[in-house]
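K.L.:
The following block contains the structure, expressed as structure tokens.
The values are calculated or read from the model by the stated rules, or taken from the named source; none is laboratory data. Just so it is clear, the structure is predicted and the values come from calculations on it, not from any experiment. Here the Cβ is made from the backbone with ideal geometry for all residues, glycine too, and neighbour counts use every protein chain on show.
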Amino acid sequence: MNAVQSVDSVALLPAYLAAGTAVLVLITDLLLARPRATLVVAALGALGTAVGAALVGAGAERRTFCVGADCSWIFGGRAALVGAVVALLTLGVLGLSVPALRAGRSPVGEYCFLLACSMTGGVVLGAAGDLITLIVALETLTLPLYVLVGLRRGSLASAEAAVTFFVVSVVATTLTLLGAALLYAVTGGLHLDRLGAVLAERPELRNLPLTVAAVALVLVGLAFKVAAVPFHAWAPATYDGAPLPVAAYLSTASKLGGVVALLAVVQRALPADQTGPVLALLAVLTMTVGNLVALRQRRTVRLLAWSSVAQAGYILAPLGALALAAGRTGEARDAAYAAAVAYAVFFVVLELAAFAGVTALRPAGADGGTLDDLRGAARRHPWRGAALGLALVGLAGLPPGLAGLFAKVTVVRALLDGGAAWLALVVAVNAVIGLAYYLRVTAGLWAPAATPTPAPTLSGGAVAVPLVGVVAVVLAVATVAAVVLGVAPQLVLDLAGR
């Protein structure tokens, strides 16, 4: 007799909301053909998705699409955190995109639809319980970005960035799929928990050449997604060629998706004694190369891109410590996972605030320009310059940007608890190197400008405050306020550990 599989629609509610947003955007754009209405629908859908993810995740863990004890959809605290953060990042990017969309640089309907589709992939990714769902969700998050990167009309750099991103992503996906196929050949399963259980119960399988090749392929494929060295070369060129809001989304939501996917397979499926040393080496290379190359950058977006490469190294560091923590208590391993999630969440919020500040200080539809273009920007636009400076200081891990400081302390503490003191030292040294370029850019915001540019004014003489300036200030202030109040740190750690 065939068993009837029930579907828990409550567990699927965040995915329904995200996918429904994409459909409503299409219908609104088709029937009303009013850009403002389309933007409002997309923004409300993103906000509704964040609220839905938080509400569903507030209760007990919910599972559906199960075969016995193996489930393809597991929505708990961590999935809720990922879904809510991706939806809020989408909302923030929509706010940053308003000036460029008003200027007609990109079609509003297609732009909002593609962002909503990408958001759907991010929401599904956090709840994925098997490799197929995980890879499909990661590609759903990534595929719309190929078009968004090249959607800026009349820009050769944008088209080149889109082609670069497409080619690299296809290679990364192919490697990941091949690794998943080999894992299935070895274990006979694709569910993450089942893979982990089989490899733990049968140690002889872990040393098979086929298993080693499968683990390597999966790790390399996902390392491309997070732009880990030496699989990082696509990121600076792609970010610099993309429209600024899309570059912000690539650097935040897309990178968060890669981290979540990597965390899922490392924590639940792949053997820690094989993945730990590889991830530790990737972490050291990534943070060191990213910081050293960022020191030489003169273009703003390329500096932020190399900075995000270095930040990916900090995120990978706790995962690399798992090889040493494997023989320790479960609390040490859980602390390593929670530290990686917490750092990723705080990084993407601060990174979005930095891109918001750059967008607010640049003309509508323009690229990020050079660091000289930002020189003296805080003198001309105090609030927007202060927002960018606060975000950069937060990324550096200095007060008053307490979010970045908390995140780095959490990573170092997890490494020390996991017995990886040498890796904690590497993180600390690289954090000091990062101070050089973060503080250089921040100081330049208040330096005298050679050719001051007057602030845009309204007809009555009042200073015009673009929407992106408001978004930049709100993101920076909200981040610091949440950490100062002590709400965000404990909330993120609690959810990351679930």
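K.L.:
Would you confirm whether any residue within region 252-268 is of a type in the set (Val, Ile, Thr) and more than 16 Å from the chain's Cα centre (by Cα)?
P.N.:
Looking through region 252-268, at least one residue is of a type in the set (Val, Ile, Thr) and more than 16 Å from the chain's Cα centre (by Cα).
K.L.:
Can you find even one residue in region 197-211 that is within 23 Å of VAL341 (Cα to Cα), of a type outside the set (D, E, K, R) and either touching a Ser or Thr at 6+ places or on another chain (Cβ under 7 Å) or buried (at least 19 other Cβ atoms within 10 Å of the Cβ) (or both)?
P.N.:
Looking through region 197-211, none of the residues is within 23 Å of VAL341 (Cα to Cα), of a type outside the set (D, E, K, R) and either touching a Ser or Thr at 6+ places or on another chain (Cβ under 7 Å) or buried (at least 19 other Cβ atoms within 10 Å of the Cβ) (or both).
K.L.:
Free of Cβ contacts under 8 Å to residues at least 40 places away in the same chain, buried (at least 21 other Cβ atoms within 10 Å of the Cβ) and in contact with a helix residue (DSSP H, G or I) (Cβ under 9 Å, 6 or more places away or on another chain): which single residue out of GLY397, GLY389, GLY385 fits that description?
P.N.:
Exactly one residue qualifies, and that residue is GLY397.
K.L.:
Take LEU89 and tell me if it is under 30 Å from TYR337 (Cβ atoms) and in contact with a Ser or Thr (Cβ under 6 Å, 6 or more places away or on another chain).
P.N.:
Criteria met by LEU89.
K.L.:
So, one more: Taking the criterion of being out of contact with any Cys (no Cβ under 6 Å at 6 or more places or on another chain), of a type in the set (A, V, I, L, M), assigned to a helix (DSSP H, G or I) and within 15 Å of VAL220 (Cα to Cα), would at least one residue in region 183-192 satisfy it?
P.N.:
Checked against the condition, which is being out of contact with any Cys (no Cβ under 6 Å at 6 or more places or on another chain), of a type in the set (A, V, I, L, M), assigned to a helix (DSSP H, G or I) and within 15 Å of VAL220 (Cα to Cα), region 183-192 yields at least one hit.
K.L.:
Being among the polar types (S, T, N, Q), touching a Phe, Trp or Tyr at 6+ places or on another chain (Cβ under 8 Å) and under 28 Å from PRO243 (Cβ atoms) is the requirement here; does GLN297 meet it?
P.N.:
yes
K.L.:
At least 3 residues that are surrounded by fewer than 18 Cβ atoms within 10 Å (Cβ to Cβ) in each: list the helices (runs of 4 or more DSSP H) lying fully within region 1-115 that qualify.
P.N.:
Helices (runs of 4 or more DSSP H) meeting the threshold: 13-31, 35-58.
K.L.:
Within region 48-82, how many residues turn out to be out of contact with any strand residue (DSSP E or B) (no Cβ under 6 Å at 6 or more places or on another chain) and on the phi > 0 side of the Ramachandran plot?
P.N.:
Here the count works out to 1.
A quick yes/no check of all residues on (1) touching a helix residue (DSSP H, G or I) at 6+ places or on another chain (Cβ under 8 Å); (2) closer than 22 Å to LEU26 by Cβ; (3) at pLDDT 90 or above:
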residue	(1), (2), (3)
GLY83	yes, yes, yes
GLY95	yes, yes, yes
ALA103	no, no, no
GLU110	yes, yes, yes
THR140	yes, yes, yes
ARG153	no, yes, no
ALA161	yes, no, no
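K.L.:
A follow-up question, please. Suppose we keep only residues that are among the small types (Gly, Ala, Ser) and surrounded by fewer than 24 Cβ atoms within 10 Å (Cβ to Cβ) within region 218-263. Which one would you say is modelled with the highest pLDDT?
P.N.:
Looking at residues that are among the small types (Gly, Ala, Ser) and surrounded by fewer than 24 Cβ atoms within 10 Å (Cβ to Cβ), I get ALA237.
K.L.:
Please report, ordered by residue number, the helices (runs of 4 or more DSSP H) entirely within region 336-422 with at least 1 residues that are modelled with pLDDT under 85 and of a type in the set (A, V, I, L, M, F, W, C).
P.N.:
It comes to 402-417.
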